[in-house]
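Read the structure below first, then the notes.
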Amino acid sequence: MEKFEHEYNAEQIQVLDGLEHVRKRPGMYIGSVSIRGLHHLVYEIVDNCVDEALAGYCTHIKIEIEPGNIICVEDDGRGIPVDIHAKTKISAAETVYTQLNAGGKFGGDSGYKVSGGLHGVGASVVNALSTWAEVTIQRDGGIFQMKFERGKTTQPLTRIGDSDKTGTKVRFLADDTIFETLEYDYETLESRFREMAFLTKGLSISVEDKRGEEVKKADFCFEGGLNSFVEFLNKNKEKINQQPIYIEKDDGEVPVEIAFQYTTAYSENIYSFVNNINTVEGGTHLEGFKRALTKTFNDYAKSHNILKEKDGNLQGEDIREGITAVISVKVREPQFEGQTKTKLGNSNVTGIVQSLVNEALSNFLEENPNIAKAILEKCVSASRAREAARKARELVRRKNALESTTLPGKLADCSSKVPEECEVYIVEGDSAGGSAKQGRDRKFQAILPLWGKMLNVEKSRADKIYNNDKLQPVILAVGAGIGNDFDITKIRYGKVIIMADADVDGAHIRTLLLTFFFRYMRPLIENGNVYLAQPPLYKLSKRGMKDIYCYTDDELTENLNAIGREGVNIQRYKGLGEMNPEQLWDTTMNPETRILIQVKMEDAMKADEIFTVLMGDEIGPRREFIEANAKYVKNLDI
Ligand code: 0RA
């Protein structure tokens, strides 16, 4: 067996410094040491294999979660080069795993490397943050292996056998002294790999979770690329054009791939990617796409007499109502801007996307007049609804101006005017509202009681929403507008807390309100301002003992062990209305003792799917969703 020379020189010493820094400040490299950062390690390794696929040499990537949370990633690419690198005097493969930023030079390089953001930090970062890692390479007729502990080489690249295949396999165990948890969430990984497979047409990705009794696995390979992605996103929606409209161009400079399809829904779902990274904040590629849509549809409508000259133009938002679109571009040196560094800044991309879509879409519309007509009918009615909504909004404004207050009558406001310290409880029912008003700390807690049947915004257009007497008080109390006009800097309360009964009706109201916030005040959710109050389910009282409140059935059982059942009175709360003001304060509203659930939006795609299924028109998927999720109802996380 042959062993590669391994000696330390000046560069090597610097290398060690680099990896030490990664272990000292992991957040700088992978964002955080939470489960998010943990997942990031896997994405980082898989990204390298995707690069090899983009270079045209890898067709299959296999990811396994082994018992003990060991990750194994294997590809059938060319194998990382094993020859000795002139400068570092060690094998290229070891260099890739031990030197920060070596990826571009020796690792997979599709030419579309990512700069900025957290992505593309490379294999060495994963290595540094792993208790151990083991890399096996097949190429040049041999099998080669190297091993590391916490980023340091324990076995330099060694030839351990013969092989006529090629490929790279990496196994690693993340370091539990660095990460808060090593427990990978299979579903999160699975959706990211599905997304990666959509974004790289024809690439086959398989993932398997071998940790539990029941093995979970999935195989993804989409010959349709983004076409398949859009079909997947729209699977529960009613379509207007049956096949997505597909545009693709690879001029070698800025490859662009786009697919979009119209549905009868009222929301707009556009997802954009740069170098396979979800650009949540959009940017120049998205701008180009939107401009082209607006211009091309308006031109077509005018030239085919669907819009008369005097009608004026359709607005962008009219044309995007009900659209589901995915746009993916590859940019050599992307500039990422914005708060979360997920907004593309390269200005030349706008024009490239815009002219491509202009041309392809106008050809498509000319060739498919029936589809063009169906889509434009929808746009025109969206435009009418927008006009009606504007009038409704004006009416609300004028009415408010007359009443010289912009606050709803039912709102019991707090005395502080500092949004950061203020919170509003949206409370179901007048009686619970009454208790909440008496029980609250009026300095920073406001109460807005709601009653009666809430509007399902998933099935209504904006004009209905502005006019709705249940939602208007919510809009006015939050004070930051709605839809495109929503301005997070204007919110009157740092916490918007939904307080509903712990029963089916309460869950329904909660979902209706969350749907409303998600569709019409999304930044409120993204910014973490929306909370769910957790009222207790039981009160245990016993002579000579302080009352104990239990928030779950498990807690009830636990406490009854602890205090003994003898002489204990168990009160089950059916609704908030059964609690007096003092009890409501103690259990649900006092910041010292209450439990609040912050509503988070990890994934806009998942959230859209859930709201479409739960609140939309189609009944079949809803039944399936409820049956599949009945066991999880305790934790609502969108
Ligand atoms: C650079 C050159 C060559 C292969 C790779 C990178 C490579 C890197 C990774 C990372 C994960 N899987 C990978 N597969 C391949 C090969 C150059 C050549 O053979 O000429």
Just to be sure I understand: of the beta bridges DSSP finds with both ends in the range 196-346, what percent are antiparallel, rounded to 5? 75 percent
Run through the DSSP bridge list for the chain and note the antiparallel percent, rounded to the nearest 5. 70 percent
Scattering profile of the range 444-483 from the Debye formula, Cα beads only, expressed as log10 I(q)/I(0) at q = 0.15, 0.27 Å⁻¹, is -0.38, -1.04
Can you grab the distance from the C-alpha centre of the range 301-361 to the C-alpha centre of the range 203-251, Å, no decimals? 23 Å
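Apply the Kirkwood formula to the range 324-469: the hydrodynamic radius equals the inverse of the mean of 1/r over all pairs of different alpha-carbon atoms; give it in Å with one decimal.
20.8 Å
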Apply the Kirkwood formula to the range 125-184: the hydrodynamic radius equals the inverse of the mean of 1/r over all pairs of different alpha-carbon atoms; give it in Å with one decimal. 12.3 Å
For the range 555-605 versus the range 472-488, the gap between their alpha-carbon centres in whole angstrom: 31 Å
Using protein chains only and a probe of 1.4 angstrom, how many square angstrom of Thr131 are accessible, to the nearest 10? 30 Å²
Which percent of the accessible area of the chain is formed by carbon and sulfur heavy atoms (probe 1.4 angstrom)? 48 percent
Cα gyration tensor category, rounded, prolate or oblate, for the chain with a/c compared to 1.5: oblate
Sum of side-chain charges, Val230 neighbourhood, beta-carbon under 15 Å (Lys, Arg +1; Asp, Glu -1): -3
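Rounded to the nearest 0.05, what FRET efficiency do Asp251 and Thr552 give with R0 = 60 Å and r taken as the Cβ-Cβ distance? Could you check?
Once the sixth-power term is evaluated, E becomes 0.55.
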Which of Met521, Met605, Met545 is most accessible, then next, and so on - probe 1.4 Å: Met545, Met605, Met521
Probe 1.4 Å - accessible area at His21, Å² to nearest ten: 70 Å²
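How would the range 212-277 be classified by its alpha-carbon gyration tensor: rounded, prolate or oblate, with rounded meaning a/c under 1.5 and the a/b versus b/c comparison settling the rest?
Judged from the Cα gyration tensor, the range 212-277 comes out oblate (a/c at least 1.5, b/c at or above a/b).
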Under a 1.4 angstrom probe, counting protein chains only, how are Trp132, Trp451 ranked by accessible area, largest first? Trp451, Trp132
So how tilted is helix 430-439 from the main axis of the chain? Cα-based, degrees 0 to 90, rounded to 10. 80 degrees
Rounded, prolate or oblate for the range 476-603? Axes are the square roots of the Cα gyration tensor eigenvalues, ordered a ≥ b ≥ c, and the cut-off for rounded is a/c under 1.5. prolate
Inter-probe distance in nm under a simple model that places probes 7 Å from Cα toward Cβ, at Asp503 and Trp451: 1.7 nm
Taking just the C-alpha trace of the range 548-627, give me its Rg and Dmax in Å. 18.7, 51
Using only DSSP helix segments of four residues or longer, with each worth -39500 (n - 2.57), what per-residue ellipticity at 222 nm results for the chain after dividing by its residue count and rounding to 500? -11500 deg cm²/dmol
Accessible area expressed per residue, the range 144-211, with surrounding protein chains retained (probe 1.4 Å, Å²): 41 Å²
When we measure straight from the Cα of Lys89, which lysines land under 18 angstrom away, once same-chain ones fewer than 8 places off are left out? Lys3, Lys105, Lys147, Lys152
Quick one: ranking Ser32, Ser328, Ser431 by accessible area, 1.4 Å probe, largest first, what do you get? Ser431, Ser32, Ser328
Under 14 Å from Lys343, Cα to Cα: aspartates and glutamates that are on another chain or at least 8 residues apart: Glu281, Glu287, Glu333
Quote the accessible area belonging to Glu223 in square angstrom, nearest 10, computed with a 1.4 Å probe and with ligands, DNA and RNA left uncounted. 140 Å²
Quick one: of Lys378/Lys495; Lys464/Lys600; Lys417/Lys600; Lys437/Lys539, which pairs are farther than 31 Å apart, Cα to Cα? Lys378/Lys495
Rule-of-thumb check for the range 158-236: C-alpha Rg over 2.2 N^0.38 Å? 1.44
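The values are calculated or read from the model by the stated rules, or taken from the named source; none is laboratory data. Note that the coordinates shown come from a computational prediction; the quantities given were computed from them, not determined experimentally. Note that we place each Cβ from the backbone using ideal geometry, even for glycine, and neighbour counts take in every protein chain shown. For accessibility, only protein heavy atoms count, side chains too; no ligands or nucleic acids. Shrake-Rupley method; radii C 1.70, N 1.55, O 1.52, S 1.80 Å.
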